[in-house]
Amino acid sequence: MQNKEYQPLTIPRLTWNKETLSNSFGELVAQPLDPGFGMTFGNALRRVLLGGIEGSAVTAVIIKGVNNEFSTLPGVVEDAMQVILNIKEIIVRNVSGKPGKMHLLVKGGKGRTVTVADIQADEHLELINKDHVLAQVALNGSLEIEFFVEPGRGYQQAQWPVGTALQEDNKIYLDAMFSPVRNVTFEVEKTRVGRNIDYDKLKISVLTDGTETPVDVMHYAVSIIRTQLEHFLAAPEIAFNEISTHPVEDKKEVTEMQDSATKGIPVDLLLKPIDVLEFSVRAHNCLVNAGIKRIIDLVNLSEDDVMKIKNFGQKSFDEVKESMKGFGLAFGMNIKESSLKKSGKE
């Protein structure tokens, strides 16, 4: 089959929804995909995202004065079981991927609430949910815990040594969920390419615990799938990337969208400098320093892009948005300068 002429594949465009993208949540859209590929890719990515991403968790603890998880804790409102359940909810970012330790020492005095923020961790471990409550230390009580953190994938049962119920060092082993991914959902819709309406559009929503971003875990998941599937190749890979291209957009449709966006707005206005909009000195200077000098440059920015401009606060944003509204302008208009020049000639 080496000399066979293969049919090209449809190469999808991938975009993250900037309006909802954060350190813990993201929505990825991949389109267009060949018919049936949306469900295939969605299932594969979801399974790997939920069970194959590396993370770190507390796998064992030593609680001073306790040798099993069913004990009471002198000077602490909760018993050992309740404290251990709270410990399982600690979210740890491991920047090196190596095992580590953490330590907690709290003396009650007048009594106080113990949170994750009270834990001292190794330098390569970062605690995320610092407001999470671990226990309530009573009057003149104290609580000392040593935590053992390990990296891993998916779910792991408590690794108790066989044949020994109680450990000499009083270590209590915990079951652990390593995956930083909390939830993954996807849906497949039909989308159009030219006059063909049978292509797939894949939407994937990813929620993490904040230790990894949705973009990073998606990259990791795709890397796992690619690496594993490479070993199924019985011969050199067919170079589909070399014979395939992104679908060409319908020029008529693009033109209609452009005309709709600019309807009622003078072409020459869009090409004028932003001085015409008479912004305040602060807002004007921030935009110019960011390279936004013409009105068309401004209206092609998304609201998220504008808020990321250095020293450009909410007050300046509201001012600029209101001024643009007076001229029939808005953010995210996505107007191509080439289409303006053509309509100007006409």
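The values are calculated or read from the model by the stated rules, or taken from the named source; none is laboratory data. All values reported here derive from a predicted model rather than from experimental measurement. Positions of Cβ are generated from backbone atoms using ideal geometry, with glycine treated the same way; all protein chains shown enter the neighbour counts. Surface areas here come from the heavy atoms of the whole protein model, side chains and all, with no ligands, DNA or RNA. Shrake-Rupley method; radii C 1.70, N 1.55, O 1.52, S 1.80 Å.
Side notes on the structure shown:
- Restricting attention to segment 142-166, the residues that are open to solvent by less than 30 Å² (accessible area, probe 1.4 Å) and either without any contact (Cβ under 8 Å) to a residue 12 or more places away in the chain or within 17 Å of Ile84 (Cβ to Cβ) (or both) total 4.
- Residue match in segment 280-294 (condition: more than 18 Å from Phe327 (Cα to Cα), open to solvent by 80 Å² or more (accessible area, probe 1.4 Å), of a type outside the set (Val, Ile, Thr) and touching a residue at least 24 places away in the same chain (Cβ under 8 Å)): yes
- Count of segment 268-279 residues which are touching a Ser or Thr at 6+ places or on another chain (Cβ under 9 Å) and either open to solvent by 20 Å² or more (accessible area, probe 1.4 Å) or of a type in the set (Val, Ile, Thr) (or both): 2
- All conditions but one from (1) in a loop (DSSP other than H, G, I, E, B); (2) open to solvent by less than 30 Å² (accessible area, probe 1.4 Å) apply to Val184; the one that does not is (1).
- Residue in segment 70-88 that is in contact (Cβ under 8 Å) with a residue 40 or more places away in the chain, outside any strand (DSSP E or B), within 29 Å of Thr185 (Cα to Cα) and open to solvent by 60 Å² or more (accessible area, probe 1.4 Å) present: yes
- Here the condition is being over 30 Å from the mean Cα position of the chain (by Cα) and either farther than 20 Å from Ala158 by Cα or not aromatic (Phe, Trp, Tyr) (or both); of Ile62, Ile84, Ile53, it holds for Ile62 alone.
- Output for segment 195-213, where each listed residue is outside any loop (DSSP other than H, G, I, E, B), farther than 12 Å from Gln31 by Cβ and modelled with pLDDT of 90 or more: Ser205, Val206, Leu207, Thr208
- Qualifying residue in segment 13-20 (condition: over 15 Å from the mean Cα position of the chain (by Cα) and open to solvent by 70 Å² or more (accessible area, probe 1.4 Å)): yes
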